[in-house]
1. Kindly provide the set of residues from the range 317-334 that are within 13 Å of the ligand (Cβ to nearest atom) and at pLDDT 95 or above, ordered by number.
2. Being surrounded by fewer than 16 Cβ atoms within 10 Å (Cβ to Cβ), at pLDDT 95 or above and within 21 Å of Tyr122 (Cβ to Cβ) narrows it down to one residue among Ser241, Ser245, Ser249; which is it?
3. Return the residue satisfying two criteria in turn: it lies in the range 83-139 and is of a type in the set (D, E, K, R) and touching a helix residue (DSSP H, G or I) at 6+ places or on another chain (Cβ under 6 Å), and of such residues it is farthest from Trp318 (Cα to Cα).
4. With the requirement that a residue be farther than 16 Å from Ile404 by Cβ and either among the acidic types (Asp, Glu) or surrounded by fewer than 18 Cβ atoms within 10 Å (Cβ to Cβ) (or both), what does the range 314-331 give you?
5. Within the range 137-177, work out how many residues are part of a strand (DSSP E or B) and within 16 Å of the ligand (Cβ to nearest atom).
6. Taking the range 106-136 as the region of interest, how many residues are more than 10 Å from the ligand (Cβ to nearest atom), under 26 Å from Tyr279 (Cα atoms) and in a loop (DSSP other than H, G, I, E, B)?
7. Counting just the residues of the range 529-548 that are of a type in the set (A, V, I, L, M) and part of a helix (DSSP H, G or I), which one comes out farthest from Glu619 (Cα to Cα)?
8. With the structure loaded, tell me whether Ala599 is free of Cβ contacts under 8 Å to residues at least 60 places away in the same chain, surrounded by 15 or more Cβ atoms within 10 Å (Cβ to Cβ) and closer than 18 Å to Ala493 by Cβ or whether it fails that test.
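The values are calculated or read from the model by the stated rules, or taken from the named source; none is laboratory data. Here the structure is a predicted model, which means the values were calculated and not measured. Cβ placement follows ideal geometry from the backbone for every residue including glycine, while neighbour counts extend to all protein chains displayed.
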Amino acid sequence: MTADIKINKLTTDQATAELARLADVLGRANAAYHTDDAPDIDDATYDALKRRNTAIEARFPDLKRDDSPTDQVGAPVSDAFSKVPHAQRMLSLGNAFSDEDVRDFDSGVRKFLGMADGSLAYTAEPKIDGLSLSLRYEGGRLVQAATRGDGAVGENVTANARTIVDIPEQLTGAPDVLEVRGEVYMSHADFAALNQRQSEAGGKSFANPRNAAAGSLRQLDSRITKSRPLRFFAYAWGEVSEPLSGTQSGALKMLVKLGFSVNDQTRLCTDVAAMLAHYAVIEQQRATLGYDIDGVVYKVDDLALQARLGMRSTTPRWAIAHKFPAELAWTRLEAIDIQVGRTGALSPVARLTPVTVGGVSVSNATLHNEDYIAGKDSKGGEIRGGKDIREGDWVQVYRAGDVIPKVADVDLSQRPESATEPCDFPKICPICGSGAIREPGDAVRRCTGGLICAAQAVEKLKHFVSRGAFDIDGLGAKLVEEFYHDGWVREPADIFTLEERFSSGIKQLQNREGWGETSANNLFAAIRERKTIAFDRLLFGLGIRHVGEAAARLIARHYGTWDAFIAAIDTAEEANAAWEDLMGIDGIGEVMARSLLAAFSAPAERAAIDRLTEHLIVEDAARPQSDSPVAGKTVVFTGTLEKMTRAEAKSRAEALGAKVSGSVSAKTDILVAGPGAGSKAKKAADLGINTLDEDGWLALIGA
Ligand code: IVH
């Protein structure tokens, strides 16, 4: 048995056999421990096997297997963590890139609140470049830690969070329920040491501290997380049974008292000038802080004002991230490839000689569209002084935060002699050969192949299974693409007949590399689970151009049921009542409405949608939970409001579950008319609609 042979005595053949055996034993032990919650070997044995594997790999680096257990632990295995809904959504932040953007943010806040002048204080604190985590304490005890996930549902990483030194297990003097939110990060020193250890052990190294922190927090084995020195800064909160304070700065002080680390570069600023001054200070310290930050976050200090400001679909109105300028580097453009997206857009991608930009190696960047390559903007004006970009050129690459790197500039003095021809942008789809055309006014050339284009079909499928859409456990972008190429799944409906089609031939699925009966059955179970789907996820999942997550939510909320929506879409044509009703949804414009109609009336596309919905139970859109008398009512504001701005009135009404519309129709329930109300008030009177003045409205909503 190779298991008994000392490592320094192993021959190459024996080492190969032993590594195979260890991969198998450790793989099964991991599955037993994490998937089935039933460990089949004890910790000490597991550790010993793991060490043996690492040591053999160190002696025979060439024999390291592709499925080496050393790498397995480093790979994020999202399916292994249970999902936990956040009691309150975890928000992201809007961005500011210039002083001007920050001034606009301040004036927007003031405008919303109707306070043109007067003092308005903000906190300013570093934006930590890590990953956010929500810690739930009940009765002072840490009961749950969850990653952000899609903001509504995160991953349960409680065991791992407990290993982080900055995260207290027990709080004294905390509210009964307290969710503390903040950022998990890794210091530069710990990151360098970790990569050193990883490379010595033949493991993979991480590209940057943020990836290292994410990889370490999302370990299946919390002992590994424990061995990775993660840190945590608290900066926000979710559900609280009692407020921590009346101000952001007060709440942060409270968090410090409770034992959390709060960033010591946090300052209270009384005006924009002070905010920008503190930004400059933080930017100067950036290099010596010892951990990565990517900007400064400003938050309205007064929590009552924060509550009034509320949020947009995923970002608060009361905060903004002022990002540091993007990082730049020069490199060679090796080739221009064309990718075809979900909606047929032909996107040029720059293949680059890899170059490090802000600590990350970049080998691909976007070139936007054919005009951009030619040195023109969408109106035919010059960009980059009219310089075009060619294969072989020396180009400047630009990267800001998480966004896709861009090619920003070209140095013509470095153009090689071989680069004689400007880029000849294809006029036919490189994937399916259909014509690729540009609609007037559109900067993008699109493949006209529709669903016959493999690229479009695959991208649509990837979108369909993505996180904000069907989010099927175990069926990610890669697998759905493989299924497409194997001919198993050509359109979304096929996903839901997979089990039926493969129950007899299940061996075929099992025989895929890395698949067994359990994984096949798990996948089928996950697919079955998604046969019941939320209205907005279904609509977003269809991948209709211009219809993003926020729009899908608005539409779902407006129509309530899928059937009502389909009935409306089937009767809508430009300018009739169903069309006006669709256009009346705040946030839905003409372009989106046309795109929706086009998608549902194109015969092939519609047939595919109908084939899909046959397999589904579409949940009615959750109306916002509200016992307010205005929940579900359609409200129109007109005339001057004196107690609050129009924007605030609208946001409050929506928070209470009302729909706010811009025009009066038979569907209007309440018209709130201030002084100066004109034709809308008249129309409402004609239609016999309940009309209130501002005080009447405030009394109704109990303000
Ligand atoms: S506040 C309601 N403060 O940045 C806003 N976020 O781009 C909640 N982040 O998801 C976030 N440092 O992961 C806030 N001082 C800070 C932050 C911070 C880093 C992260 C956080 C958030 C992301 C948004």
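1. Arg317, Trp318, Ala319, Ile320, Ala321, His322
2. None of the others qualify; the one that does is Ser245.
3. Asp129
4. Thr314, Thr315, Pro325, Trp330, listed by residue number.
5. 6
6. Going through the range 106-136 one residue at a time, the tally reaches 7.
7. Checked the range 529-548; the qualifying residue farthest from Glu619 (Cα to Cα) is Leu539.
8. Yes: the conditions hold for Ala599.
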